[in-house]
Amino acid sequence: MSIIKSLYRDKVGMVMLTLLTLMAVIIPACNQVFPEGHTFHISTFTMTLLGKYLCYALLALSVDLVWGYLGILSLGHGAFFGLGGYAMGMYLMRQIGDRGVYGNPLLPDFMVFLNWQELPWFWHGFNWFAFAMLMVMLAPAALAFIFGWFAFKSRVTGVYLSIITQAMTYALLLAFFRNEMGFGGNNGLTDFKDILGFSLQNDATKAGLFMASAIALILGYISCRYITQSKLGRVCTAIRDQESRVRFLGYRVEHAKLFIFTFSAVLAGIAGALYVPQVGIINPTEFSPLNSIEIVIWVAVGGRATLYGAVAGALVVNYAKSYLTAAFPDAWLFGLGALFILVTLFLPQGISGGITALFKKKEAR
Amino acid sequence: MMATLESMHPVFSRNEVFEFLKPEVPPSLDLDRGVILYLEGISVSFDGFKAINDLNLYIDDGELRCIIGPNGAGKTTMMDIITGKTTPDTGSAWFGQNINLLKLDEPEIAAAGIGRKFQKPTVFENHTTYENLELAMAGNKGIMATLGAKLSSEQQDRIAEALMLIGLVEQAKIQAGALSHGQKQWLEIGMLLMQNPKLVLIDEPVAGMTHQEMDRTAELLHNLAGEHSVVVVEHDMDFIRSIAQKVTVLHQGSVLAEGNMDDIQNNQKVIEVYLGG
């Protein structure tokens, strides 16, 4: 009940959720129902691309929750995204079975290649989908909890916190590059065959994954909105603005931070898990600090502390990126750079901030 | 054999709750002696500078106490110690008969019943006046409780009451950042009230206020005293004269003089270090 109430006040969010719901139904339908060449046909390529954007949007949402509402500028959210992706990748690897290049029924190809004799202990259980899905959430949550426990207890804030989140994802990048870690090293995990028995080459499976991404984004948005509209949400923004004052009011600031940070990590993990089967590969570059910084840029472009801004920002920037790389292969980075500069100059509150300002002007007249 | 079993009995008894399993409940405040705050023999130094030097201070229950002193006398440091922000090198600080303040951290001290108002008005500028009061309200401040919190009608009444008292009924839905300086100060006093503290520490409440606003603040503080004990740190002598029952003068980190306003103004030592200057 209170969930519906919290959404009711969020008009823009309602519009966006409606659009997302329509997308979740129409795009897979257009892909499946209309034959290729038909006016209403949407190619599988476009659909998968959009599915990827939706995963990015969920990731941006998780960053907006901690940055926009809690004031923690995380430059390491790619780590949680990557961990979720790896957990999904491990499940998909186990599904390959003996169809790999080496035909080993138990070991994934890269392990055979490294002359390993048995499955490392942490790979056990990933042949079950339910277990893998649990890990998709638990692995990022555990990392976020342990990291947050130490960082927030010792009251690390501001730039210093941003730097250690960056160090965290960089450490993971280096670790996952090592073959000895048992996650495929440099090459990562790839060559996936099927998920839950459905072939990943199949268009219908891809439509299903697209739908799942849209639903995950919708549910993620609703839960984030519920949190930000609750009293806890108001405590969070109060922490963002006046941390020590909140402490003197008797709130456990570090507990609130830990809760939100861990929840956000889970969202990022889910985004990663949906991303991997759609792009077909997960490798350590997902942990690279640059990726994490990019997420922050999406949120900044879309507008902080609005939630819908983060979604819009992720979609706009990634669409622009795809469009520019195709249209101006030599100059696309300049185009992207221009976008960031223009947004910072003319829309300091991001796209969403610009739109609300426009509406307010109209009302004032 | 039986004897061994008998002797084991208390350990395995069904109603035995081991010490380490008991949740730590802060003891309820014991005010038997009528004294709410004891600071005894407290010293703190920062990089060799003695901010507080063997400070002894007692505040009675329901009292309205003013603390004055020149800059650097240790007034703010004293408040930091009481609220748990700074740990003293030596000395003891007790809240009532039974709560050792030096063992608690800021949220625990706030929960035990000490509220603090800072020198600069620190309200949450992006929240409305109403929300500021809501956030400050006493109650369960755990994460899950906060996530599912809904205002009961009783709580709404309490907020409305506080809004009346601080005179910001019309500003209830306005963002606190848009309030005037004086209104922010009152809002912060209102937030203190919502915390329902036994002891209220107020740092320079009338700095930068007009005379009308000062009168209004004095009235507010008088309303607070009695039900709460109030400690006010202030520079403005006129204001202190208008509210003070008892005044403590701090100088170089310890108490120089204590008494009513007339005594203080005629005290030779005080005149030398402060009033005369």
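The values are calculated or read from the model by the stated rules, or taken from the named source; none is laboratory data. If you're wondering where the values come from, they're calculated on a predicted model, not measured in any experiment. Reconstructed Cβ throughout: ideal geometry from the backbone, glycine too, with neighbour counts over all protein chains shown.
A few points about this structure:
- Here A:Phe122 meets the list (1) surrounded by 15 or more Cβ atoms within 10 Å (Cβ to Cβ); (2) farther than 25 Å from A:Ile295 by Cα almost entirely, failing just condition (1).
- Pick from the range B:84-131, criterion in a loop (DSSP other than H, G, I, E, B), β-branched (Val, Ile, Thr) and surrounded by fewer than 20 Cβ atoms within 10 Å (Cβ to Cβ), ranking: nearest to the other protein chains (Cβ to nearest Cβ): B:Thr122
- For the range A:1-59, filtered to residues that are assigned to a helix (DSSP H, G or I) and basic (Lys, Arg), the residue that is farthest from A:Asn291 (Cα to Cα) is A:Lys5.
- Number of positions in the range B:195-217 that are in contact with a strand residue (DSSP E or B) (Cβ under 7 Å, 6 or more places away or on another chain) and basic (Lys, Arg): 1
- When restricted to residues that are in a helix (DSSP H, G or I) and within 10 Å of another protein chain (Cβ to nearest Cβ), the range A:220-250 contains 18.
- Of A:Val311, A:Val253, all but one fail to be surrounded by fewer than 24 Cβ atoms within 10 Å (Cβ to Cβ) and either of a type in the set (Val, Ile, Thr) or within 14 Å of chain B (Cβ to nearest Cβ) (or both); the exception is A:Val253.
- Tallying residues that are charged (D, E, K, R) and more than 29 Å from B:Asp60 (Cβ to Cβ) within the range B:108-140 yields 3.
- Residue count for the range B:119-151 under the criterion of being closer than 14 Å to B:Glu188 by Cβ and of a type in the set (Ser, Thr, Tyr): the result is 2.
- Neighbours by Cβ (under 8 Å, 6+ apart or cross-chain): first from the range B:159-176, in a helix (DSSP H, G or I); second small (Gly, Ala, Ser): B:Ala162/B:Gly190; B:Leu163/B:Ala172; B:Leu163/B:Gly190; B:Leu165/B:Gly190; B:Ile166/B:Gly190
- Extreme residue, farthest from the chain's Cα centre (by Cα), among residues of the range B:158-197 that are surrounded by fewer than 19 Cβ atoms within 10 Å (Cβ to Cβ) and of a type in the set (Asp, Glu): B:Glu170
- Test: B:Asp238 is closer than 15 Å to B:Ile264 by Cβ and in a helix (DSSP H, G or I): yes
- Leading residue by the ranking (modelled with the highest pLDDT) among those in the range B:1-40 that are among the hydroxyl-bearing types (Ser, Thr, Tyr) and surrounded by 10 or more Cβ atoms within 10 Å (Cβ to Cβ): B:Tyr38
- Being facing another protein chain (nearest Cβ under 10 Å), small (Gly, Ala, Ser) and over 22 Å from B:Thr77 (Cα atoms) is a property that holds for B:Ala138.
- Of all residues in the range B:64-83 being in a helix (DSSP H, G or I) and among the polar types (S, T, N, Q), the one that is farthest from the other protein chains (Cβ to nearest Cβ): B:Thr77
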